[in-house]
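Written out below as structure tokens is the structure these notes cover.
The values are calculated or read from the model by the stated rules, or taken from the named source; none is laboratory data. Bear in mind the structure is a predicted one, so any value in this text is a computation, not a measurement. Cβ placement follows ideal geometry from the backbone for every residue including glycine, while neighbour counts extend to all protein chains displayed.
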Protein chains: 4
Amino acid sequence: MFKLTIQPRVSETDGMGHINNTCVPVWFEAGRENIFRIFNPDLSFADWRCVVVNLNIDYIKEIFYGREVEVHTWVKHIGNSSFILEEELYQSGELCAKGTATYVNFNKKVRKAEPISDNIRQELEKHIRK
Amino acid sequence: MFKLTIQPRVSETDGMGHINNTCVPVWFEAGRENIFRIFNPDLSFADWRCVVVNLNIDYIKEIFYGREVEVHTWVKHIGNSSFILEEELYQSGELCAKGTATYVNFNKKVRKAEPISDNIRQELEKHIRK
Amino acid sequence: MFKLTIQPRVSETDGMGHINNTCVPVWFEAGRENIFRIFNPDLSFADWRCVVVNLNIDYIKEIFYGREVEVHTWVKHIGNSSFILEEELYQSGELCAKGTATYVNFNKKVRKAEPISDNIRQELEKHIRK
Amino acid sequence: MFKLTIQPRVSETDGMGHINNTCVPVWFEAGRENIFRIFNPDLSFADWRCVVVNLNIDYIKEIFYGREVEVHTWVKHIGNSSFILEEELYQSGELCAKGTATYVNFNKKVRKAEPISDNIRQELEKHIRK
């Protein structure tokens, strides 16, 4: 599991007085940095590999400004050329949002999805939720 | 159906050279303004009613800077206190993303979901996809 | 003068109940699209030219969700390789923010500022405030 | 001086391949959290005090995804009801952006600027740059 601690920003709140729902996809994407590194160790955009094809997010509790948030990221499923991440967001120990993100291993140069190599597959498998 | 035309911004692109996936939830939320008005005609945050509980988005095609985008919003389902929207995003006539957003009719003062009134229900029904 | 009409988004409000100050630079940048096109007609990032070196923004009045905003963009000064834009933001006919943005005409390939060509200079001059 | 470490996000990059300029005001605002706490210890929006009236930012070097950024925040000047912050942003030890933010001590209930109290003034003075 990967963990990222985020300090919510005033600019991420909305007129309802809590964090706007559109920040959750932003924070979940931030939590995927170590997944992106498995495909692309120096994170260069020229060699970027991971293209999102689906996001599914359940909003469970309000998230507030002024208290840290933790994003937890697991690998849920590894297909031939795609993989699914499982993500949870906690504040003050409570689960506030959870979801999945489906990605494809995409080769920009030839503009095609490609099978996930054995090396990368083994690395991803280390982060499957127990 | 509600239609919103959006001009993508440089700040909405990412290092891959196209629109970042996290802008799609932002644009879909922008497309819901007329739905929010049905519940809360002057859009005041003090009387806000619509609280999101789920987002599900399929990313179908890259979206580019420099060309307008159209967000289409329909009502898909009206439950007792919740409702589901159906949303599509087009650029240059092509479907680039689609999804659903599930909302609850929430009363902030008593902090509880409430049944959707008949008046609002009738108004929402006008926007069900034919 | 270039004019851009923007529909503020819920995600652009903050817990104070109005538009967060960090949206103004985003909206002003959106208002510069036609300036960017003068340097780079198809807006391709490979040929991007305009690199910001200074932003200065005065916040004059609160900006609200639910009412359109207008961004006005002029050219204020054209130097050798740099230029300054003048920007104003109106809501309901009132000036809410104004500022300047200083840009450099940058050649990405050689990573150097370059003089603004006569053609581009003449085009920019058409947008100087009278 | 207050220090905030930020991990840049993919969604904060733009088509040029680096961090978009509009993220700098967002990060600088994030770096002001401890200033906001001096005026409003629990950071509640109902008692919010700090209203921005000017931002001035110099962009000095490109900022990249994949490496942490540090925001440094000082108090530069304390007026009667206003104060100026001084802000710098570093990546890999290099100064990438710097600026000032001018705020007013605003009382939302009466909608007026108010003198900064002696207690708050003493607290702010501790963060003046030496």
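D:Thr22 satisfies every condition listed in (1) of a type outside the set (Lys, Arg); (2) more than 8 Å from every other protein chain (Cβ to nearest Cβ); (3) free of Cβ contacts under 8 Å to residues at least 60 places away in the same chain except (2). Out of curiosity, is B:Ile84 surrounded by fewer than 18 Cβ atoms within 10 Å (Cβ to Cβ), at pLDDT 95 or above, within 14 Å of chain A (Cβ to nearest Cβ) and not in a loop (DSSP other than H, G, I, E, B)? Yes, satisfied.
For segment C:29-40, the count of residues that are within 14 Å of chain D (Cβ to nearest Cβ), modelled with pLDDT of 95 or more and part of a strand (DSSP E or B) is zero.
Among the residues that make up segment B:103-121, is at least one of them surrounded by 17 or more Cβ atoms within 10 Å (Cβ to Cβ) and in a loop (DSSP other than H, G, I, E, B)? Checked segment B:103-121: at least one residue is surrounded by 17 or more Cβ atoms within 10 Å (Cβ to Cβ) and in a loop (DSSP other than H, G, I, E, B).
Yes/no matrix, rows are residues, columns are (1) more than 9 Å from chain A (Cβ to nearest Cβ); (2) β-branched (Val, Ile, Thr); (3) touching a residue at least 24 places away in the same chain (Cβ under 8 Å); (4) in contact with a helix residue (DSSP H, G or I) (Cβ under 8 Å, 6 or more places away or on another chain):
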position	(1), (2), (3), (4)
B:Phe2	yes, no, yes, yes
B:Thr5	yes, yes, yes, no
B:Asp14	no, no, no, yes
B:Val26	no, yes, no, yes
B:Arg49	yes, no, yes, yes
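Which condition number in (1) in a loop (DSSP other than H, G, I, E, B); (2) touching a His at 6+ places or on another chain (Cβ under 7 Å) is the one that D:Val75 fails? Every listed condition holds for D:Val75 apart from (1). Evaluate the following for D:Val53: is it without any contact (Cβ under 8 Å) to a residue 40 or more places away in the chain and either out of contact with any Pro (no Cβ under 7 Å at 6 or more places or on another chain) or on the phi > 0 side of the Ramachandran plot (or both)? In short, no. When D:Thr5 is tested against (1) more than 29 Å from D:Arg111 (Cβ to Cβ); (2) crowded, with 23+ Cβ neighbours inside 10 Å; (3) in contact with a strand residue (DSSP E or B) (Cβ under 6 Å, 6 or more places away or on another chain), exactly one condition is not met: (2).
If you check B:Lys98, B:Lys61, which single one turns out to be within 14 Å of chain A (Cβ to nearest Cβ) and surrounded by 18 or more Cβ atoms within 10 Å (Cβ to Cβ)? Outline the logic, then answer.
Working: B:Lys61 fails: surrounded by 18 or more Cβ atoms within 10 Å (Cβ to Cβ).
Criteria check complete, one pass: B:Lys98.
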